[in-house]
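Here is the structure we will look at.
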Amino acid sequence: MYLYMERGVDMAVFKCKMCGAVLDEQNNETIVNCAYCGTQQMLPGVDIPSGFSDEAEVIRIKNHRDDIDKSNKKVKKYFWIAFASLAVLPTIPVIFSPLDYAMGEGFLGKLIGALFFCIAYSIAVVFISLPSLITSIVYIFANPKTPKTRKVISVFNVFSKIFLFSGIGFWSMTGLGGIVAVKDDLSFGFVFLLMAICNVGILIVSFMKKDYKY
């Protein structure tokens, strides 16, 4: 490390320990990659955090967490897709239902009635799924970095999967029962089958999330 003056201000400039090139320090990072030789290293003068044996362990764990964070960004996107599907897909059979939800004359009245019913129904579907959604959201979007917080989040992981498995079983049986019992309006059964499918999607996403090992 050496110092140089720029407009009367002391600025620290760090050199690579392998090739001597100036390291580009950004966003107050303590671990950087040399732009010339590619060596990953802690900045000179930075203390090894407590609980770590050496610089190599600090770098290894940082890379491990960076990889998991990058992977989990995709998982969060997939969750919102599954969440949107839960709010939308189960309402589609309502549009094709033989029941009349018209709120006016002609085709426009039927369309407005169907859309109004779908919005109300989607709100109800999401509300019914709140236990699984809340526990899944906490687990998927949490980013625990200590063993204690990881244990807390693991509880939400367990509960979310219990709720999701229970929901899949319940909605599947209700949907199949509805198809058999209400043959004049199959949309009733398909609504619940689609709810089960959406819960499967959320369950798959929750299994895709990766947790820190260190």
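Worth pointing out:
- Set Lys74/Lys161; Lys77/Lys151; Lys17/Lys213; Lys145/Lys209; Lys17/Lys70; Lys70/Lys148 screened for pairs whose C-alpha atoms are more than 18 Å apart: Lys74/Lys161; Lys77/Lys151; Lys17/Lys213; Lys17/Lys70; Lys70/Lys148
- Added length on full extension, which subtracts the Cα-Cα distance from 0.36 nm per residue, Val182 to Asn143: 9.5 nm
- Sequence-ordered 3J(HN,Hα) estimates for segment 145-158 from the Karplus curve with 6.51, -1.76 and 1.60 and θ = phi - 60° stand at 10, 10, x, 5, 5, 5, 5, 5, 5, 5, 5, 5, 4, 4 Hz, glycine and proline given as x.
- Extended-chain gain in nm, criterion 0.36 nm per residue less alpha-carbon gap, His64 and Lys15: 15.1 nm
- Long-range amide H partners of Lys15 with built H, under 5 Å: Tyr2, Leu23
- Note: relative contact order over segment 71-208, using C-alpha pairs below 8 Å and six or more positions apart, is 32 percent.
- Excluding same-chain neighbours fewer than eight residues apart, the lysines reachable from Lys15 by a Cα-Cα span under 25 Å are Lys62.
- The H on the amide N of Thr39, modeled in the peptide plane, is under 5 Å from the matching H of Cys34, each at least 5 residues off or on a different chain.
Here, each number is a calculation from the coordinates, and none is a lab measurement. None of the values given here were measured: they were computed from a predicted structure.
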